[in-house]
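First comes the structure, then the notes that go with it.
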Amino acid sequence: MEAVGAAMEVVGAGEEEEEEEAADEWLLQSLRLYQDLHTFELQAPTRVIEWARGNRVCVAGYGQSDGNEILQLLPPPALQGKETQGLCPERDFKVECGGFSNRPVYSLKHVPDTSLLVTSGPPDSSLQVWQVSAEDSASQSSEELSGLAFLDGNTLLLCCARGRLCLADVRQPQSPLEAASVPSAPCGERWCMGVGRGPQGSDSQPIACLSSGGHLTLTDVRKTSESLASAKCRVPSPSSGAEFLCVSWAPALAGCLAVSGFDGTVHVYDTQSWDSSGGEAEPIFVHKGHAFGPGSSRNPPLVTAHTWHPQKPRTLLSAASDGSLHIWDWVQSCGKCG
């Protein structure tokens, strides 16, 4: 028994050495691949990342307990500076304020030009409106929400997990204004959405809908029932990571969007050449940093959320199920966007 135990210890030590070597190799590659990379550790994993007023960042817990913390964080000074910072592992997010939700937080959005936050999560589609420590409810129905986005100060676009898109007005909270299914949505898949910015002076706003099977459908808020383009993402398996699906448009790069939630990576795509054929899309950059955390070979983490920086074109924040939080900016020559 002692000899077997010793052998098991040797095998375990070998796996740890391989993990360290892989992490060291990725760090060396990062010097060439990234313009900036900052990594942090949250006290609990989050599946939402939202920019709030004054360049602040909001995160929230998604556990099934009644103690899910909602935090407003001050980003690191390095992110605010104009000079290139390079690779920097400093953990210098500051907690500015926070509170607790009695339900999991699956979606969180900042109400433009206010200090309000809107959250949603199971077991139903009710919305919670937060201001400091105040809480109030909006409308609810029996269908689960997978995402929401403010189109202006009063109008929200809601995405249901089954693939329906609904418009709602906070001034008339009892019912949605209209509902339409995601165009060409395969049945039985879970869906989420991301809403981008249209050209200045236009009421056009692009919508990207992502399914658990890796299907991406692009439409417009002015007519959500019509597909403008479609593509298929390369995913590990048809149902992997459906719980953490996330798609978002780059606010400062025309036609670029990011996809995560299937594994420990974030994929960036340039949609400007997409058509309605639904063919497989090739990413222009893949962030693999979360896959090289401690113990990742035995229990690979899933990316739970990501978001783009509001002004810096190629800078993103991403979080994973192991509590890791990364800020990264890929080198322009690695992709077509930018």
Which value in nm describes the separation of the simple spin-label points at LYS312 and ASP275, placed 7 Å from the Cα toward the beta carbon?
3.8
Can you tell me the FRET efficiency between LYS94 and GLU18 if r is taken as the Cβ-Cβ distance and R0 is 41 Å, rounded to the nearest 0.05?
0.70
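Cross-link list LYS94/LYS312; LYS94/LYS288; LYS232/LYS312; LYS223/LYS288: which exceed 24 angstrom alpha carbon to alpha carbon? Present the calculation step by step, with values, prior to reporting the outcome.
On the way: LYS94/LYS312 21 Å; LYS94/LYS288 26 Å; LYS232/LYS312 27 Å; LYS223/LYS288 36 Å.
Table pairs above 24 Å Cα-Cα are LYS94/LYS288; LYS232/LYS312; LYS223/LYS288.
Got a sec? How would GLU21, GLU69, GLU243 order by Cβ neighbour count within 10 Å, fewest to most?
Ranked by crowding around the Cβ, least crowded first: GLU21, GLU243, GLU69.
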Full-extension gain in nm, GLU282 to ARG32, via 0.36 nm per residue minus C-alpha separation:
87.9 nm
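All of the numbers you see were taken from the coordinates with simple rules; none came from a lab. In this text the structure is predicted, and so the values were computed from the model without any measurement. Positions of Cβ are generated from backbone atoms using ideal geometry, with glycine treated the same way; all protein chains shown enter the neighbour counts.
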